[in-house]
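Report on the following structure.
The values are calculated or read from the model by the stated rules, or taken from the named source; none is laboratory data. Just so we're clear, the structure is a prediction, and the values are computed from it rather than from any experiment. Reconstructed Cβ throughout: ideal geometry from the backbone, glycine too, with neighbour counts over all protein chains shown.
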Amino acid sequence: MKHIYLLFAALILAACSKEDTYGPWNLKNGQEVELSVSHRYGAINDELLLLPENKPAEMSLFYFTDREPGYTYHVKAKMVAEKDPPQDGPAYHLEYIETMGKEKYEGNESFELELIQSYVPGGSTIMLGKREGLYYFVPDKLALTYNDAEIGNQLEEIWQHCEEIQQNYKDKIYTEPKWRSIRTTVNHDPDNFGKAYLVSHIEFKN
């Protein structure tokens with residue numbers, strides 16, 4: 001009987017000492033990890049890699065406010081598991097701690113941005129603004145430039161439609177974008193590196 005009690009106590013102790021883990025990598029709440037952050041800020045393939053495995057983290061990184069487009073970062077972060085997860089947000093995420101390395105991207109590969117993104121709540125939103133004649137993907141942070149007049153005309157059409165949607169919203173009329181997708185092909189703008197993407201192609205899908 002004594003051995004049974006000892007076994008029962010051991011099982012209880014093991015159950016109590018076992019910590020919950022979260023996410024695809026079974027990280028503990030508060031556990032620190034190292035990540036590689038891509039130079040493709042906001043792109044479709046803006047992938048966050050867990051180091052040293054170099055595999056997709058499959059989680060969002062919060063509070064990395066100093067990130068600049070065009071640079072690859074080596075950062076330290078920690079797992080954060082929400083005690084009361086929001087209905088419209090993730091139950092866990094990675095939280096930025098510090099930058100361990102920063103390297104300017106020297107290549108010239110093209111990558112893609114999606115200008116129509118969906119949010120909960122809120123629905124589909126066109127990610128394009130305009131200020132002082134310059135188009136922005138991220139307000140006052142990341143501009144979209146062009147060398148081809150046709151690209152400029154397309155960006156103006158998108159922005160005008162975005163303005164129409166916003167005016168309708170003010171008039172309490174909800175309007176979905178007339179396109180299902182707007183996908184742009186971009187490169188880092190060499191004349192405004194870290195501040196702008198140079199658009200070479202825009203694809204509309206209805």
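Structure data summary
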{"item": "Residue check for T145: touching a helix residue (DSSP H, G or I) at 6+ places or on another chain (Cβ under 7 Å) and not assigned by TED's automatic domain parsing to the domain that holds H39", "result": "yes"}
{"item": "Pick from the range 159-201, criterion of a type in the set (A, V, I, L, M) and more than 16 Å from G42 (Cβ to Cβ), ranking: surrounded by the fewest Cβ atoms within 10 Å (Cβ to Cβ)", "result": "I173"}
{"item": "Every residue from the range 187-204 that is closer than 11 Å to E114 by Cα and touching a Phe, Trp or Tyr at 6+ places or on another chain (Cβ under 7 Å)", "result": "F204"}
{"item": "Lone unmet requirement of (1) closer than 24 Å to L198 by Cβ; (2) surrounded by fewer than 13 Cβ atoms within 10 Å (Cβ to Cβ); (3) under 17 Å from the mean Cα position of the chain (by Cα) for I116", "result": "(2)"}
{"item": "Strands (runs of 3 or more DSSP E) wholly inside the range 114-206 containing at least 2 residues that are without any contact (Cβ under 8 Å) to a residue 40 or more places away in the chain and closer than 25 Å to R67 by Cβ", "result": "116-119, 129-131, 134-138"}
{"item": "Residue selected from the range 7-48 under the condition part of a strand (DSSP E or B) and surrounded by fewer than 17 Cβ atoms within 10 Å (Cβ to Cβ), by the criterion modelled with the lowest pLDDT", "result": "T21"}
{"item": "Of the criteria (1) in a strand (DSSP E or B); (2) within 24 Å of D20 (Cα to Cα); (3) of a type outside the set (F, W, Y), which one T99 fails", "result": "(2)"}
{"item": "Residue count, the range 54-93 (criterion: outside any loop (DSSP other than H, G, I, E, B), touching a residue at least 60 places away in the same chain (Cβ under 8 Å) and under 30 Å from F193 (Cβ atoms))", "result": "1"}
